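A quick write-up on the structure given underneath.
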Amino acid sequence: MDKQEVEISLDLIDIPSILMRDTNDDEGLKELAESIRTEGLINAITVRPKGDHYELVAGWRRLKAHGLIPKSTIRAFVKSYTDEEAVSVMAHENLFRKDIDPVDEAIFIAKLLDAGTFTVEQLAQQLGHSVAWIEDRTTILTYPDYLIAALKLKQIPLGVAKHLGAIADDVYRKMYVD
């Protein structure tokens, strides 16, 4: 099926089990909803057919903001993607944007690897990154919670977090993070 734009009921759109962005930015979503209310939806979301429903491929924030307006339908591009193609589109929608943080990248990558759909090598190729980059991101999830939180909140850059994550003594590591 070629990519076609249609109006779809929100009730027919399912969220994929593995999301790139699963954090809530209530203020940002309210701003986006207000923009959609006043200016309309500028870019349609992308979905793929799944049974008698559709699965979201790209546009999670737009879909979520659309529900705040509230509207019962949304403009969407419908395309029949394989699982691998859908992952690639999700990655390009999010990983290559400046505002995605390394923690969300790590969580997304870990979920994909845990699902068993890809090996590390296949995922690296699918995402256009090296195996070392994939392993680097998954290492983030081995850091203590306070270090992950500081990284997510942009209190420290990724390079600093890597060095802090390598410190064996948690007392010293926490002291440096604080």
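The values are calculated or read from the model by the stated rules, or taken from the named source; none is laboratory data. Note that the structure is a prediction, hence the values are computed from the model and not measured. Note that each Cβ is placed from the backbone with ideal geometry, even for glycine, and that neighbours are counted across all protein chains shown. These area figures cover heavy atoms from the full protein model, side chains too; ligands, DNA and RNA do not enter into them. Shrake-Rupley method; radii C 1.70, N 1.55, O 1.52, S 1.80 Å.
When all alpha-carbon pairs of the range 16-146 are counted, what percent fall beyond 26 Å? All intermediate terms of the calculation are to be shown ahead of the outcome.
On the way: 2389 of 8515 pairs.
The share of Cα pairs beyond 26 Å in the range 16-146 comes to 28 percent.
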Task: Reference-scaled alpha-carbon Rg (2.2 N^0.38 Å with N residues) for the range 17-82 - done: 1.13
TODO: Over the chain, average the accessible area per residue using a 1.4 Å probe and give it in Å², no decimals.
DONE: 56 Å²
- [ ] Can you send over the carbon and sulfur percentage of the accessible area for the range 1-158, probe radius 1.4 Å, protein chains only?
- [x] 49 percent
TODO: Work out the charge dipole of the chain with +1 on the Cβ of Lys and Arg and -1 on the Cβ of Asp and Glu about the Cα centre, then indicate which of V103, V131, I18 is farthest towards its positive end.
DONE: V103
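State, as an integer percentage, the relative contact order of the range 1-85 based on alpha-carbon contacts under 8 Å between residues 6 or more apart. Please report the intermediate quantities before stating the final value.
Working: 120 pairs, mean separation 39.8, N = 85.
Dividing the mean separation by the residue count of the range 1-85 yields 47 percent.
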TODO: Work from the charge dipole of the chain (Cβ charges, +1 for Lys and Arg, -1 for Asp and Glu, about the Cα centre) and give the residue of I69, A58, L147 farthest towards its positive end.
DONE: I69
TODO: Please report, in debye to the nearest 20, how large the charge dipole of the chain is about its Cα centre when each Lys and Arg carries +1 at its beta carbon and each Asp and Glu carries -1 there.
DONE: 320 debye
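Note down the net charge around T117, summing +1 for each Lys or Arg and -1 for each Asp or Glu among other residues with Cβ under 11 Å from its Cβ.
Details: positive: K111; negative: D83, E84, D114.
Once positives and negatives cancel, what remains is -2.
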